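Here the structure is laid out as structure tokens; the discussion comes afterwards.
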Amino acid sequence: MAGPRVTLIGAPTDVGAGARGAGMGPEALRVAGLAQRLGALGVEIADAGNLTGPPNPWQPPVRGYRHLAQVQAWCRAVREAVGGTLARGGLPLLLGGDHSLAVGSVSAVARHCRVVGRRLRVLWLDAHADFNTPELTPSGNLHGMPLAILCGLGPASLVRLAGREPALTAAQVRLIGVRSVDEGEKRLVLDAGLPVRDMRAIDEEGMRAVMAWALSDLAPDEHLHLSFDLDLLDPAIAPGVGTPVRGGPGYREAQLCMEMIADTGRLGSLDLVELNPAQDERN
């Protein structure tokens, strides 16, 4: 039985990031042949093109947030595009852009799951916890806050994108691969009870055991959302990101991770974010 059509949705912005360049990510993924690679695997592809939103004003933080109004606009556009794809029975693949965009995509997925009565699990693959708040953040960059916002810690305008409640509870999340977490952020993650397997756990237990933990107890019709920040990967194989951190998974570990997710048959939506071609080497 064929799976749903995968719809590529480009969000060419780095408005939530601390370095310029992630806005070129969607086109770089297309040029690199993403659609052709997926097509060769028998996946039906539709490319919805790129969303539009405000430019990056490159201003300092205001009350702990950089570019909050611009991030809100982009996240609303992402929410509508991802939600529309899900309503049509498609699988949205968000091409970022920086990771603040996940507030829009996961909010759309959470709202969709509530409407259709399905459970939701979110796999958050990232070198960073993305659980900062304006009180804790050293930079104000919103790409360091999306998971906290989705769990209810942040400005109401973003927290409520999924409806009257936050998009997620901590129990719905599996945070994998982290190895660069601010001290205050670490305490907040622990206080929130966020399920985490950091790089030490991957080193000690192996990627197979970590992914088996992340994918355990899925309901038969559970919607699985993957939010994949490319800085999860070791910079030796993926240098083209804005915030690289040494000591990440290598190619085979990442491949096994993706294979195990695919084997569940429950992947319903996907973010592929933080590709920064300005930092890449030989494409």
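The values are calculated or read from the model by the stated rules, or taken from the named source; none is laboratory data. Computed from a predicted structure; not experimentally measured. Heads up, the Cβs are rebuilt from the backbone with ideal geometry, glycines too, and the neighbour counts pull from every protein chain shown. In case anyone asks, the SASA skips ligands and DNA or RNA and just uses the protein heavy atoms, side chains included. Shrake-Rupley method; radii C 1.70, N 1.55, O 1.52, S 1.80 Å.
Which FRET efficiency value, to the nearest 0.05, is calculated for Asp263 and Arg118 with the Förster distance at 22 angstrom and r the Cβ-Cβ distance?
Numbers: r = 19 Å, r/R0 = 0.88.
That pair, Asp263 with Arg118, gives E of 0.70.
Ranking Gly83, Leu93, Cys113 by how far each Cα lies toward the positive end of the dipole of region 1-129 (charges on Cβ) leaves Cys113 at the top.
Shown in residue order for region 37-44 are the 3J(HN,Hα) couplings computed by the Karplus curve 6.51 cos²θ - 1.76 cosθ + 1.60 at θ = phi - 60°: 4, 5, x, 5, 8, x, 8, 7 Hz (x for Gly and Pro). For the chain, what does the helix formula give at 222 nm: sum of -39500 (n - 2.57) over DSSP H segments with n ≥ 4, over the residue count, nearest 500 deg cm²/dmol? Taking each H run of at least 4 residues, the total per residue is -10000 deg cm²/dmol. Inter-part distance, region 127-162 to region 26-63, computed on C-alpha centroids, equals 22 Å. One chain, two ends: Ile45 and Val62. Fully extended at 0.36 nm per residue, the span grows by 2.1 nm beyond their Cα-Cα distance.
Considering Cα pairs under 8 angstrom that are at least six residues apart, work out the relative contact order of the chain and quote it in whole percent. Each step should come with its number before you reach the end.
Values: 605 pairs, mean separation 63.2, N = 283.
Once divided by the residue count of the chain, the mean separation gives 22 percent.
Spacing of the modelled spin labels on Arg88 and Arg160, each 7 Å from Cα toward Cβ, amounts to 3.0 nm. A simple rule links phi to the HN-Hα coupling: the Karplus curve 6.51 cos²θ - 1.76 cosθ + 1.60 with θ = phi - 60°, which for region 89-103 gives x, x, 10, x, 10, 7, 9, x, x, 8, 6, 4, 4, 5, 4 Hz, with x for Gly and Pro. For region 141-283, carbon and sulfur atoms together expose 48% of the accessible surface, with a 1.4 angstrom probe and every protein chain in place.
Using the Cβ of Ala214 as centre and a radius below 14 Å, the other residues enclosed give a net charge of -3, where K and R count +1 and D and E count -1. Solvent exposure of Ser157, expressed as accessible area, is near 50 Å², computed with a probe of 1.4 Å over the protein chains only.
Alpha-carbon geometry of region 204-283: the Rg and the Dmax are 14.0, 42 Å, given in that order. Couplings for region 77-82, taken from phi via the Karplus curve 6.51 cos²θ - 1.76 cosθ + 1.60 with θ = phi - 60°, read 5, 5, 4, 5, 5, 5 Hz in order; Gly and Pro are left as x.
Taking the Cβ-Cβ separation of Ala209 and Ala171 as r and a Förster radius of 22 Å, what is the calculated FRET efficiency to the nearest 0.05? Could the numbers behind the result be given before it?
On the way: r = 20 Å, r/R0 = 0.92.
The computed FRET efficiency comes out at 0.65.
Site pair Ser139 and Glu80 shows an inter-label distance of 2.9 nm when each label is modelled 7 Å from Cα along Cα→Cβ. Quick check on region 19-127: take the gyration tensor over C-alpha atoms, sort the square-rooted eigenvalues as a ≥ b ≥ c, and tell me if it's rounded (a/c under 1.5), prolate or oblate. It is oblate, given that a/c is not under 1.5 and a/b is not larger than b/c. Approximating the spin labels as points 7 Å out from Cα along Cα→Cβ, the Arg252-to-Arg200 distance works out to 2.5 nm. Of Glu80, Glu222, the order by accessible heavy-atom surface (1.4 Å probe, DNA, RNA and ligands excluded), from most exposed downward, is Glu80, Glu222.
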